[in-house]
Every structure is written in structure tokens, then in C-alpha cells.
Amino acid sequence: MAHIVGLTGSLRKASLNKSLLKNAALFLPESYTYTYADLSDLPLYNQDLEENLPEEVKQFAELCKSADGFLISTPEYNGMITGVLKNALDWVSRKNIGAPLATKPVAVMGATPGPGGTVRAQMNLRQLIFALDMDPVNRPELKLSHATMKFDDDGRITDFATLQVLEQLMGKFVDKVERSKE
Ligand SMILES: Cc1cc2nc3c(=O)[nH]c(=O)nc-3n(C[C@H](O)[C@H](O)[C@H](O)COP(=O)(O)O)c2cc1C
């Protein structure tokens, strides 16, 4: 049993990265629970607000505390992760709200409509994961390029090569989560 939290840096309804996360969560064992973290109501980080934390931040921090591991699907904006994702991770990086990400397993992935597959944003995200002292799956890297052509109408991935990489990534992630609970 484990609880996994999914994050993406896109607030868009039809987000490719939200769809990728949903597909990733299908590879979790049945005994696991999964929660998608909606980041749309998180305020911009402001150290002054730490004295009296906004309710949305408290709820997000509690959700992260309850997690045994994280799935992060990052969009790429101008070669980097999005402000939405950075803002959320900055909030929960803070020691005075319990630093609920530190040491926890994380699987990274990302989707773009173009050819890049978020390769630059994922490098950027891995730097941040290092700063947050999280425990990433290093390989395989899941860089979903030309993503609009790789989902069916129900949002399921149809591309066999992508599904194979996703299965490998999730297998290694689940191993890490299991080991972290020993
Ligand atoms: C401000 C902005 C910057 C972008 N920069 C990049 C980029 O550097 N590389 C890239 O591959 N796509 C870039 N895109 C296109 C995104 O990959 C595309 O909008 C994608 O669908 C966003 O992810 P989502 O579908 O999960 O919302 C950019 C889009 C926006 C809005």
C-alpha cells in the first residue's frame, strides 16, 4: 500500500501532461491510492504569507505529506518548467511547512506537441529535484514528443513505444517506493 501524488505544471483543461499523468497512474499497483494535485488555486509564493499560511497551501502541504511518492509530468515553456510547477514546489520546499518532498521517490515525464518532448524542461526539473533532495528514477527518460498524435479520444496512449517506456519507468518507480517503505 502506498499513496502517490501526481503533479503537472499545466492548468489547461486539455493538457497533454495531465493526460500523460493519467496514463502513468494506470501502471500503479491496485493496492496503491493515487491523487492528482490541482495546483490552480495555489497563491504565488510569498515569504510573508508563511506566518499565516493560506488554506490552499496548507491543503497542498498536507497532501504532499501524505504521499509516499510523486509523479511529475512537466510541460515545457521557453525551455524550462512552468511557473505553476516551480511555484508549487517552492511552497512545499520550506522546512517550516515540513519539507514534505524531501527523500521521497519521484518519476519524471513530460509531453509536447512538438518534437522536443520536454527534454530541456526535464533537465531543469531534475536540477530542482536535486535541490529538493527528492529521490528520482534516473532512467528511462519519458519524453513524449508529437504528443497530440499519441492519444486516442479517451486520452489513452496509443503509441506502443511510449507505453513500453512508461511501463519501465513506472516499474522502477514502484520498486523505489517499495524500498523506501522497508
Ligand atoms: C509560453 C509557452 C512557451 C512554450 N515553450 C515551449 C518550449 O520551449 N518547448 C516546447 O516544446 N514547447 C513549448 N510550448 C508549447 C507547449 O509544449 C504546449 O503548449 C503544450 O501543450 C503545453 O503542455 P500542456 O498540453 O500539458 O498544457 C510553449 C507554450 C507556451 C504557452
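The values are calculated or read from the model by the stated rules, or taken from the named source; none is laboratory data. Remember, predicted model here, so these are calculated numbers, not experimental data. As a convention, Cβ positions derive from the backbone with ideal geometry for all residues, glycine included, and neighbour counts pool all protein chains shown. Note: areas computed on protein heavy atoms with side chains; ligands, DNA, RNA excluded. Shrake-Rupley method; radii C 1.70, N 1.55, O 1.52, S 1.80 Å.
Ranking Met123, Met149 from most to least accessible surface, computed with a 1.4 Å probe over the protein chains only, gives Met149, Met123. For the peptides 21-32, 110-121, residues were scored by their other Cβ atoms within 10 Å and the scores averaged per peptide; the highest-first order is 110-121, 21-32. Taken over the chain, the convex hull of the Cα atoms encloses 109 Å³ per residue. Backbone N atoms of segment 1-34 closer than 18 Å to the 7 Å Cα→Cβ label point of Asp153 belong to residues 14.
Pick out, from Asn96, Asn78, Leu42, the residue whose Cα sits farthest towards the positive end of the charge dipole of segment 1-115, with +1 on the Cβ of Lys and Arg and -1 on the Cβ of Asp and Glu. Of the candidates, Asn78 comes out farthest on the positive side.
So how tilted is helix 55-65 from the main axis of the chain? Cα-based, degrees 0 to 90, rounded to 10. Between helix and principal axis, roughly 60 degrees.
Projected over every direction and averaged, the convex hull enclosing the alpha-carbon atoms of segment 1-42 yields 3.1 nm². Fully extending the segment from Leu11 to Tyr77 would add 22.5 nm, taking 0.36 nm per residue of separation and subtracting the current Cα-Cα distance. Each DSSP beta bridge with both residues in segment 1-145 is either parallel or antiparallel, and the antiparallel ones are about 5%. Using r as the Cβ-Cβ distance of Leu49 and Gln168, and R0 as 45 Å, what FRET efficiency do you calculate, to the nearest 0.05? According to the calculation, E is roughly 0.65.
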